[in-house]
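Below is one structure; the comments refer to it alone.
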Amino acid sequence: MTGTRRAAMFAMVLCALALSIAVPLRTYLSQRDELRDVGAEQQKLRETVAALEQKKAQLQDPAYVEIEARKRLHWVRPGETPYIVQLPGDESRNTESERPSGKPAAQGSWYEELWESVTHK
């Protein structure tokens, strides 16, 4: 074999090796990137689960539930006098929409009220 033929054969073998390695290498690199992304997403989900478990533990505490009911729903215990303090800048807030409705509880059962609402309209 002459030098030109050897160089051509060497180039063909080298190209065949490069092509046979390129596809698995590309697959490996893309899977490695995907694994890194999935690992980051899994870490975010673990943090979310931890935060939700902490919130669940807080909601198991009756004192926390009472504080939230007083703050959000403006509930008071019997005999207490409720006060709503308005700070400067609160004039634009609509406090009536934040306050629970003062409607008395219905006297009948729920299915009687449902039947009356269907028959009277």
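Does Val65 meet the test of being exposed (fewer than 10 other Cβ atoms within 10 Å of the Cβ), at pLDDT 80 or above and part of a helix (DSSP H, G or I)?
No.
So that you can scan it fast, the table gives a plain yes or no per residue for (1) open to solvent by 90 Å² or more (accessible area, probe 1.4 Å); (2) over 27 Å from the mean Cα position of the chain (by Cα); (3) charged (D, E, K, R); (4) modelled with pLDDT of 95 or more:
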residue: Met1; (1), (2), (3), (4): yes, yes, no, no
residue: Arg5; (1), (2), (3), (4): yes, yes, yes, no
residue: Met9; (1), (2), (3), (4): yes, yes, no, no
residue: Pro24; (1), (2), (3), (4): no, yes, no, no
residue: Ser30; (1), (2), (3), (4): no, yes, no, no
residue: Glu41; (1), (2), (3), (4): yes, no, yes, yes
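Considering only residues that are over 40 Å from the mean Cα position of the chain (by Cα) and assigned to a helix (DSSP H, G or I), look in the range 106-120 and name the one that is surrounded by the fewest Cβ atoms within 10 Å (Cβ to Cβ).
Top of the filtered list is Thr119.
Taking Tyr83 as the residue in question, decide whether it is closer than 25 Å to Ala69 by Cα, exposed (fewer than 10 other Cβ atoms within 10 Å of the Cβ) and modelled with pLDDT of 80 or more.
So Tyr83 passes the test.
The values are calculated or read from the model by the stated rules, or taken from the named source; none is laboratory data. The shown structure was predicted, so the numbers you read here are calculated from the model rather than taken from an experiment. Neighbour counts are summed over all protein chains in view; Cβ atoms, including those assigned to glycine, are modelled from backbone coordinates with ideal geometry. Only protein heavy atoms, including side chains, enter the accessible area calculation; ligands, DNA and RNA are left aside. Shrake-Rupley method; radii C 1.70, N 1.55, O 1.52, S 1.80 Å.
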